[in-house]
Amino acid sequence: MGNLLKWVSRAVNGLRSFAYGPGSERPRIGLALGGGFARGIAHIGVLRVLNEASIPIDYVAGTSVGALIGAAYAAGTSLEEMELQGFVTRFKDFGRWTLSRMGMATNDRLDDFLHRLTTVKHFEELEIPLCIVATDLVLGESVEFTDGDMAPPLRASCAYPGLFLPVEYQGRLLVDGFLTAPVPTEAVRHMGADVVIGVHLEPGLLRQKPRNTIEVIGRSFSIIQATARMPWRDYADVILQPDVHHVLWDEFAKTPQLIAAGEAETRRLMPDIKAAIAEYSPVPARRRTTYRYEQET
């Protein structure tokens, strides 16, 4: 069955390539999915509209929840299954409170959570190449995982500092990838993408006071990101920013609104996505055009 699914996937991609016209070289398209806890459900809406528009995805890179959604999608999990799982998800499904000097909870339950979405365990089994990005807490640099067991890199990429314990893996102490790659556009370029679509889930700064320590930490990181330069933007051709800033980190019950936000933003910028693909030139010295991504006020 697995081989059959891969054959069907290759056949569909072949048909999509044919649609670009005889003699034309279709650019390899990469999708970079950012973090955002519950806000990450908006990625499902983005994927749905890209599928409807027959935009082929050749590579996926994900940070934090973007890595989880990316892994499920790359494994062939249906968007309907992901939507259903998003709606019923609660903190206890992926987090477990614990006593430690390094954090308040462990996310070791993510292993089982991933298996609810797919039985695939290794990068090599995926239908679409995937990169999961985490941060080396000692060296302060991004770490890109593209082979082997997916579970440890996924837990590392989702290890939000202060909330979840860091993950020790392959001789590194790893935490959430958003610290160095809020949207892993550079990683998907490394994979070989010619055209990169980034999805940034801007949390915004809510006017209400934080409710707990987790929200104090999250609000602090939001302030840092709002004032810092974001080099990841330079690697993207189109950046989607679904309107999810009003959604709190644990509001999984807002799945329908989150998916709708992802769909609306993707439809809004679909002309830019198609233009980026149409204007692609394989000439190495070409000048890349970056399309609209400024946050609207």
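The values are calculated or read from the model by the stated rules, or taken from the named source; none is laboratory data. Predicted, not measured: the structure shown is a model, and the values here were computed from it. Ideal geometry is used to build each Cβ from the backbone, glycine not excepted, and the neighbour counts take in all protein chains shown.
Name the residues in the stretch 234-287 that are charged (D, E, K, R) and under 30 Å from F91 (Cβ atoms), would you?
Those that are charged (D, E, K, R) and under 30 Å from F91 (Cβ atoms): D243, D250, E251, K254, E263, E265.
For the stretch 162-177, indicate whether the set of residues that are modelled with pLDDT under 95, more than 23 Å from L50 (Cα to Cα) and assigned to a loop (DSSP other than H, G, I, E, B) is non-empty.
Yes, the stretch 162-177 has at least one match.
When you check A260 against the structure, is it more than 13 Å from L201 (Cβ to Cβ), touching a residue at least 12 places away in the same chain (Cβ under 8 Å) and touching a strand residue (DSSP E or B) at 6+ places or on another chain (Cβ under 9 Å), yes or no?
Criteria not met by A260.
Conditions (1) crowded, with 19+ Cβ neighbours inside 10 Å; (2) of a type in the set (F, W, Y); (3) in contact with a strand residue (DSSP E or B) (Cβ under 7 Å, 6 or more places away or on another chain), marked per residue:
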site	(1), (2), (3)
I57	yes, no, yes
V65	yes, no, no
A72	yes, no, no
R90	no, no, no
R96	no, no, yes
M102	no, no, no
H115	no, no, no
H122	no, no, yes
E125	no, no, no
